[in-house]
Structures are given as structure tokens and as C-alpha cells.
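Notes follow the structure.
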Amino acid sequence: MVNKRELKLQPGWCKSCGICVAFCPKHVLELGENGVVIAHREECILCGQCEKRCPDYAVYIEEEEADNLWVKLY
């Protein structure tokens with residue numbers, strides 16, 4: 001099994017404090033009109049700084065188990 005990690009948001013929980021934006025070392029998050037948005041997902045290194053700092057648990061890293069696919073070549 002391989003763990004797949006992805007940055008996620010709960011927009012309804014965000015109060016637009018900007019703490020996660022300030023602590024993101026890669027500037028992935030931005031403060032939008034309705035709260036935080038993932039503006040540059042491709043830059044995310046999944047360090048968890050945003051998740052650790054968010055007082056409302058609106059930003060988090062989700063882990064999913066994915067089957068590791070192996071291809072047999074004959």
C-alpha cells in the first residue's frame with residue numbers, strides 16, 4: 001500500500017485569519033474573498049505548517065491508502 005497525501009480545505013470553517021498563509025514556506029495558500037484558497041497546489045511540499053497553525057482546523061493534510069499497482073512484463 002502507498003499513502004497518498006493531499007492538502008485540503010474546509011471552507012466553511014475558515015475565519016480568514018491568515019495564519020496558515022503566513023506560515024506556508026512555499027506560498028501555496030492565499031487569502032481570498034471567502035477565506036483561504038489553495039492557489040499554487042503544485043508548489044505544496046506537504047510540510048504541515050498550515051495544518052499545525054490553523055486554529056479552526058480548516059486546513060488539513062488528508063492521507064489515503066492507495067493500492068500500489070505493479071505491472072508484470074513478460
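Taking the chain, how many lysine pairs are there with alpha carbons less than 17 Å apart, if each pair must be eight or more places apart or span two chains? Lysine pairs, 8 or more places apart or on different chains, close enough: 4.
Relative to the compact globular guide of 2.2 N^0.38 Å, what is the alpha carbon radius of gyration of the chain, as a ratio? Kindly include the intermediate steps, with their values, before the conclusion.
Details: Rg = 15.1 Å, N = 74, 2.2 N^0.38 = 11.3 Å.
Ratio of Rg to 2.2 N^0.38 Å for the chain: 1.34.
Calculate for the chain the 222 nm mean residue ellipticity that helices alone would give, adding -39,500 (n - 2.57) per DSSP H run of length 4 or more and normalising by residue count, nearest 500 deg cm²/dmol. Walk me through the numbers on the way to the answer.
Details: 2 runs with 10 residues, N = 74.
Rounded to the nearest 500, it is -2500 deg cm²/dmol.
Partnerless cysteines in the chain, where a partner means another cysteine C-beta under 4.7 angstrom, comprise 14, 17, 24, 44, 47, 54. Each residue of region 43-48 was assigned a 3J(HN,Hα) from its phi angle through the Karplus expression (A = 6.51, B = -1.76, C = 1.60, θ = phi - 60°), giving 8, 5, 9, 6, 6, x Hz with x at Gly and Pro. The simple spin-label model puts a point 7 Å past each Cα toward its Cβ; for residue 33 and residue 6 those points are separated by 2.6 nm.
Readers should treat all values here as calculations from the given coordinates under stated rules, not as data from a laboratory. Being a predicted model, the structure only gives us computed values, none of them experimental. We place every Cβ from the backbone using ideal geometry, glycine too, and count neighbours over all the protein chains shown.
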